1. Could you please let me know if A122 is under 27 Å from D210 (Cα atoms), of a type in the set (A, V, I, L, M) and at pLDDT below 95?
2. Residue under question is E300, and the condition is that it be in a helix (DSSP H, G or I) and either out of contact with any Cys (no Cβ under 6 Å at 6 or more places or on another chain) or closer than 17 Å to S198 by Cβ (or both); does it hold?
3. If we scan the range 298-307, do we find a residue that is more than 14 Å from L76 (Cα to Cα) and under 29 Å from the mean Cα position of the chain (by Cα)?
4. Restricting to the range 13-30, name every residue that is within 19 Å of P297 (Cβ to Cβ) and buried (at least 21 other Cβ atoms within 10 Å of the Cβ).
5. Checking the condition at pLDDT 90 or above, more than 17 Å from the chain's Cα centre (by Cα) and outside the structural domain of K296 (by TED's automatic domain parsing), which residue from L52, L64 passes?
6. Give me the pairs: first residue in the range 1-23 and under 22 Å from I86 (Cα atoms), second residue modelled with pLDDT under 75, beta-carbon distance under 7 Å, and six or more apart or on different chains, which are they?
7. Any residue that is of a type in the set (D, E, K, R) and buried (at least 18 other Cβ atoms within 10 Å of the Cβ) - is there at least one of those in the range 77-95?
8. Name the single residue that is surrounded by the fewest Cβ atoms within 10 Å (Cβ to Cβ) among those in the range 215-258 being assigned to a loop (DSSP other than H, G, I, E, B) and among the acidic types (D, E).
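The values are calculated or read from the model by the stated rules, or taken from the named source; none is laboratory data. These numbers were taken from a predicted model, which means no experiment stands behind them. Methodologically, a virtual Cβ is constructed for each residue, glycine included, from the backbone with ideal geometry; neighbour enumeration extends over all protein chains shown.
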Amino acid sequence: MSEKPTDYNGPERVFSGVQPSGSLHLGNYLGALKKFVRLQHEHDCVFCIVDLHAVTVWQDPKALADQTRHIAAAFLACGVDPKKAIIYPQSRVRAHTELAWYFNCVARIGWLNRMTQFKDKAGKNSEKMSVGLYDYPVLQAADILAFKGTHVPVGEDQKQHLELSRDIAAKFNNDFDVPGFFPLPEPLIQGPGARIMSLRDGSKKMSKSDPSDLSRINFTDDADLIAKKIRKAKTDAGVIPETSEELEGRPELSNLIGIYAALSEQPEDKVLAEYAGQGFGVFKPALAELAVEKLKPITELMNRYLAAPDEIDTILSSGADRADNIATPIVAEVRDIMGFWKV
């Protein structure tokens, strides 16, 4: 971790959230969940299933609770221990929405207008998008700062949102003359597999919202489907090169090499040295075998949890109580600082 954020003297705390929309995939595992497992042994961690963010676009009310359980099952199957880290649904802790409103009155329209992710998601239909989708980054700041989160595991596409969280925290501290009340959260971007790309387009991040199921490897895919997806993964006509420099301009191959390196927990250069000069007829089957080996136990354990929804609900309820015990007093302090009436 980096040094503690400026002027903040409280405890360090890692916060991160995952939306309950669609199935989790290999990119989520290598880019986030695998790291969550490591972080829980090193830091105080709060992992949130951000169902309030999910409803910024339409979600089937009959499916939302099950989607939340699905994400919780994936966390547990990957090795996140609810005795070490807090796992809970965002909507169960009211501090998120309350603090988001206070931050709406601190943040500035110009800040949100500069957020590129809304423009990317809305495209030409921005006038038809929900206010929630536009205001998403302010709620994200409230998510982190309701726990005085000091560090956030993020991908490159979320760095702008984290910068907004820092701006809001700094402005609140300055406006109300409470130096160091909120930390300025720092990004945690480290290790291999931080950005896994689509199997069909090496320029796009692997995503559960991609219309093509062949673009990703889902936690629920069986061995045959994983092998099929890797076999059909887009590649070029070349062979495996000897050095990382030779991967430049070959995004699909670079992605597959990165996946192999992350799954095998070895440097890309070592993977390249092992397969240099060979074609995809050799490399792809080896990658498929490795992916099946790593994901099979996760899928089996995840299915066991999904077959026991009451067990998941107990874990989520307990996690929500623990999260509420941290966040509610912090938001109560915010009300006092802002001068709201109280008995």
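1. In short, yes.
2. When the stated conditions are applied, E300 passes them.
3. So far as the range 298-307 goes, no, none of its residues is more than 14 Å from L76 (Cα to Cα) and under 29 Å from the mean Cα position of the chain (by Cα).
4. L24, H25, L26, G27, N28, Y29, L30
5. Result: L64 is the single residue among L52, L64 that is at pLDDT 90 or above, more than 17 Å from the chain's Cα centre (by Cα) and outside the structural domain of K296 (by TED's automatic domain parsing).
6. E12/M1; E12/K4
7. Yes: the range 77-95 contains one or more residues that are of a type in the set (D, E, K, R) and buried (at least 18 other Cβ atoms within 10 Å of the Cβ).
8. E248
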